[in-house]
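A.B. asks: Sharing a structure here in structure tokens format.
The values are calculated or read from the model by the stated rules, or taken from the named source; none is laboratory data. Computed from a predicted structure; not experimentally measured. Cβ atoms come from the backbone with ideal geometry, glycine included; neighbour counts cover every protein chain shown. What goes into the accessible areas is simple: the full protein's heavy atoms, side chains included, and nothing from ligands, DNA or RNA. Shrake-Rupley method; radii C 1.70, N 1.55, O 1.52, S 1.80 Å.
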Number of protein chains: 2
Amino acid sequence: MALYVYKFGGTSVGSVERIKMVAEKVKKAHDLGDKIVVVVSAMSGETNRLIGLAKHMQPQPNDRELDTLVSTGEQVTMALLSMGLEELGCPARSYTGSQVKILTDSSFTKARILNIENHNIMADLNDGKVVVVAGFQGVDEDNNITTLGRGGSDTTAVALAAALKADECHIYTDVDGVYTTDPRVEPKARRLDRITFEEMLEMASLGSKVLQIRSVEFAGKYNVKLRVLSSFTQGCGTLITYEDSAVESALISGIAFNRDEAKLTISGVPDLPGVAYKILGPIADANIEVDMIIQNVADDATTDFTFTVHRNDYARAKAALDKTCVELNAKKVMGDEGIVKVSIVGVGMRSHAGIASTMFKTLATEGINIKMISTSEIKISVVVDEKYMELAVRALHAAFKLDQDSAV
Amino acid sequence: MALYVYKFGGTSVGSVERIKMVAEKVKKAHDLGDKIVVVVSAMSGETNRLIGLAKHMQPQPNDRELDTLVSTGEQVTMALLSMGLEELGCPARSYTGSQVKILTDSSFTKARILNIENHNIMADLNDGKVVVVAGFQGVDEDNNITTLGRGGSDTTAVALAAALKADECHIYTDVDGVYTTDPRVEPKARRLDRITFEEMLEMASLGSKVLQIRSVEFAGKYNVKLRVLSSFTQGCGTLITYEDSAVESALISGIAFNRDEAKLTISGVPDLPGVAYKILGPIADANIEVDMIIQNVADDATTDFTFTVHRNDYARAKAALDKTCVELNAKKVMGDEGIVKVSIVGVGMRSHAGIASTMFKTLATEGINIKMISTSEIKISVVVDEKYMELAVRALHAAFKLDQDSAV
């Protein structure tokens, strides 16, 4: 008899019909004798509808009130799912974040979970009930309703799994697992049976939006076995676990890409200590997140400094940088919005030389010019012209034999 | 500097535009230096939408989950109104029933308020904030969300006014006060400046649906001054207070009517002790509420027994009574769905003879046959054929000079 936390996202509970399907699926697992906690998101579209109402009232809605407002979305779903389960003869009981209680800090709209009380839920589970919990929400010390930010239902599920010492945490979504790359770009993309937390983190942060990145961090930290599955089809999805020998055998697990970035370069910067701070300080002050940062070796007394930002922040970052350019007496600012970042990810590359050279050679063979390179222990990212994106992904997918079974 | 509790119903907060109008009204009062607590209902239509979703999931929805579900309606409104107030520069803070906390018993869908904690609200009021509270909801001891039943937002407002020792509780609605009768039936109907709690109770229970009856009881019990006003127009509405000399001067305050009843008679019942119980027991067992009950004096060894029920319950009540008729060896069962109850209400009738005779004479003059009569200390009700309703109301309105100013 195992304890599972299931999480169903907005699309999976997007209508009463779909909530009924979820109820059927949950009942089946419950009938097998397993203990089931279900975390639900708001019905798809509901959160946006509520935010729309809020913005009608107040263009910059009060954070506390916004959280109180949007938290109703999950509350509706959890009550409906509990009714659906009861209708199938499966005893169920719903809990808001406050009722659980999921204690968070007071950072409205992006709160962090501090503690989860598990005795009420455990009592219900031992009583034979399915427990349905509203995702995405909690309460702070003063009983204010908080939310964890978009996608926070994944985090709720993982945190609950940790607090309840669940055997596995299942994230049901509209894809049937984690793929070697996006199947819309490379039809030969293959579903992975397993992936490590670290790989998943790199994949997620690079735009493979299967899971919210914070939930993966959380799962890794608290040793929660995470499984990504489809709400709509059968199958065992992809298990996200600690690195182990079975995973080690694959050099590269997948290829991620991100179309949302833009590149900025300031050239002819006097090469003095503190220059990086002078360049990035105003960017940080403008609340713009920077992704890749590269500073080339200075050729004379000056250096070139390049970084990437989200494309939405490009105009603001450019304006800040133009000002810095004058202040630093640098040569000029160059920007490029037409870029894409393509990355190969795999824990296997740690112990294998030659991965980078295979990557660069593959791109060169296809005539793709590399504009930037950045590496981590288990990832190599390159920035290329966005027109090459599909070509780069497919060429790398083939070069690392990702369409074949995992033993390389 | 006074403390007011304002309550706005579903129509008054039926759209973001209307919620903005409410925010303007509240801000004006706040700017005058008064302390304002606002109780809000769900946006009109929202509660029905949620119940519709629930019935899709479970034809007889689980009570606890239903309360959890529908309570989101008020939570949405309270957050939106707080945003609207903040946008106008008026500091505001919203509270769910649980956050207040409004402690109730565990009778889901029809809970009763046991206690209200007022220290959080008082602290916010003293801090210069407007406090916005979700109507209609509370929590039980185990932190389950409960609702007070339809119209329960009025009860929340009155209970809060009592707990906060508010100077007045204002119920904003789509009418501008309590009228001598329904202006749609008698255009000469006049708005009353004042009415007593007891009169209001009789008017409300007889179908003048300005206020929920429970809230009036509550206001009387806890000595809360209640005022009914329009959300959409200016004016001081109708104040509902204890009986006092100013009110005493009017013999009759108003004429109420109720089209929702049906009449059932069982005749030729053996006139023995316990017969009323034998007749009404099965009706109560079927969970049917009975309004008027009349048993005529027996002429020989048998008696006739008549009562009224809600028209929706007529068929079920008739079936139960038919069975009882056989069991008691009574003569027959007669039913009439085409009736209406018309009542005159006024604390003044206590000390004045002749009110009943004026009523009966007026109806006789118009050729209206009276089918049943029932009286209380401050009310006389008659049941007549429903085709006479408008005629009866207008004739009585004129006979008691209700179109003229209150001094009779």
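A.B. asks: Right, A:D291: surrounded by fewer than 16 Cβ atoms within 10 Å (Cβ to Cβ) and either under 26 Å from A:E386 (Cα atoms) or of a type outside the set (S, T, N, Q) (or both) or not?
C.D. replies: Judged against the criteria, A:D291 is not a match.
A.B. asks: At least 2 residues that are farther than 30 Å from B:T302 by Cβ and modelled with pLDDT of 90 or more in each: list the strands (runs of 3 or more DSSP E) lying fully within the range B:320-408 that qualify.
C.D. replies: On the way: elements: B:332-336, B:339-345, B:370-376, B:379-385.
The strands (runs of 3 or more DSSP E) meeting that bar are B:339-345.
A.B. asks: From the list B:I51, B:I19, which residue is of a type in the set (V, I, T) and either crowded, with 24+ Cβ neighbours inside 10 Å or at the interface with chain A (Cβ under 8 Å from one of its Cβ atoms) (or both)? Give the steps one after another, and end with the answer.
C.D. replies: Working: B:I51 fails: either crowded, with 24+ Cβ neighbours inside 10 Å or at the interface with chain A (Cβ under 8 Å from one of its Cβ atoms) (or both).
From the options B:I51, B:I19, the qualifying one is B:I19.
A.B. asks: Of all the residues that make up the range B:62-95, how many are of a type in the set (A, V, I, L, M) and touching a Ser or Thr at 6+ places or on another chain (Cβ under 8 Å)?
C.D. replies: 7
A.B. asks: To continue, here is another question. Could you please give the count of residues in the range B:1-13 that are more than 19 Å from B:A123 (Cα to Cα) and either at pLDDT 95 or above or in a strand (DSSP E or B) (or both)?
C.D. replies: 3
A.B. asks: How about the range A:130-148: which of its residues are among the charged types (D, E, K, R), within 12 Å of chain B (Cβ to nearest Cβ) and open to solvent by 10 Å² or more (accessible area, probe 1.4 Å)? First the steps, then the outcome.
C.D. replies: Taking the range A:130-148 as the starting set, the residues that turn out to be among the charged types (D, E, K, R) are A:140-142.
This time we only want the ones that are within 12 Å of chain B (Cβ to nearest Cβ), so: A:140, A:142.
Listed by number, the list holds a single entry, A:D142.
A.B. asks: Mind checking which residues of the range B:137-156 are in contact with a helix residue (DSSP H, G or I) (Cβ under 7 Å, 6 or more places away or on another chain), under 17 Å from B:V210 (Cβ atoms) and not polar (S, T, N, Q)?
C.D. replies: Matches in the range B:137-156: B:D154 only.
A.B. asks: I would also like to ask the following. Out of the residues in the range A:180-191 that are in contact (Cβ under 8 Å) with a residue 60 or more places away in the chain and in contact with an Asp or Glu (Cβ under 9 Å, 6 or more places away or on another chain), state the one that is farthest from A:Q212 (Cα to Cα).
C.D. replies: Going through the qualifying residues, I end up with A:K188.
A.B. asks: Looking only at the range B:173-196, which residues are open to solvent by less than 20 Å² (accessible area, probe 1.4 Å) and outside any loop (DSSP other than H, G, I, E, B)?
C.D. replies: Matches in the range B:173-196: B:I195, B:T196.
A.B. asks: Another one. Would it be correct to say that B:A395 is surrounded by 13 or more Cβ atoms within 10 Å (Cβ to Cβ) and farther than 29 Å from B:I266 by Cβ?
C.D. replies: yes
A.B. asks: Can I ask one more? Has the range A:45-54 got at least one residue that is farther than 26 Å from B:E87 by Cα, aliphatic (A, V, I, L, M) and over 25 Å from the mean Cα position of the chain (by Cα)? Break it down into steps so the answer makes sense when it comes.
C.D. replies: Within the range A:45-54, the subset farther than 26 Å from B:E87 by Cα is none.
The answer is no, given that none of the residues of the range A:45-54 is farther than 26 Å from B:E87 by Cα, aliphatic (A, V, I, L, M) and over 25 Å from the mean Cα position of the chain (by Cα).
A.B. asks: Now for a different question. If only one of A:E199, A:E243 is buried (at least 23 other Cβ atoms within 10 Å of the Cβ) and either at pLDDT 85 or above or closer than 25 Å to A:V382 by Cβ (or both), which one is it?
C.D. replies: A:E199
A.B. asks: Look at the range A:76-110 and say how many of its residues are out of contact with any strand residue (DSSP E or B) (no Cβ under 9 Å at 6 or more places or on another chain) and more than 7 Å from chain B (Cβ to nearest Cβ).
C.D. replies: Total satisfying the criteria: 2.
A.B. asks: Give the residues of the range B:111-122 that are open to solvent by 50 Å² or more (accessible area, probe 1.4 Å) and assigned to a strand (DSSP E or B), sorted by residue number.
C.D. replies: B:L114, B:N115
A.B. asks: Considering the range A:296-311 alone, what residues qualify as being open to solvent by 30 Å² or more (accessible area, probe 1.4 Å), at pLDDT below 90 and within 27 Å of A:N258 (Cβ to Cβ)?
C.D. replies: A:N296, A:V297, A:D304
A.B. asks: I'd like to know if the range B:30-42 contains one or more residues that are crowded, with 21+ Cβ neighbours inside 10 Å, at pLDDT 95 or above and at the interface with chain A (Cβ under 8 Å from one of its Cβ atoms).
C.D. replies: No, the range B:30-42 contains no residue that is crowded, with 21+ Cβ neighbours inside 10 Å, at pLDDT 95 or above and at the interface with chain A (Cβ under 8 Å from one of its Cβ atoms).
A.B. asks: Give just the number: which of (1) at pLDDT below 90; (2) over 27 Å from A:M21 (Cα atoms) does A:S208 not satisfy?
C.D. replies: Condition (2) is where A:S208 drops out.
A.B. asks: Being open to solvent by less than 10 Å² (accessible area, probe 1.4 Å) and facing chain A (nearest Cβ under 8 Å) is the filter here, so list the residues in the range B:56-70 that pass it.
C.D. replies: Matches in the range B:56-70: B:M57, B:E65, B:T68, B:L69.
A quick yes/no check of all residues on (1) within 23 Å of the chain's Cα centre (by Cα); (2) surrounded by 13 or more Cβ atoms within 10 Å (Cβ to Cβ); (3) not hydrophobic (A, V, I, L, M, F, W, C):
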position	(1), (2), (3)
A:A262	yes, yes, no
A:P273	no, no, yes
A:I283	no, yes, no
A:L321	no, yes, no
A:V333	no, yes, no
A:V342	yes, yes, no
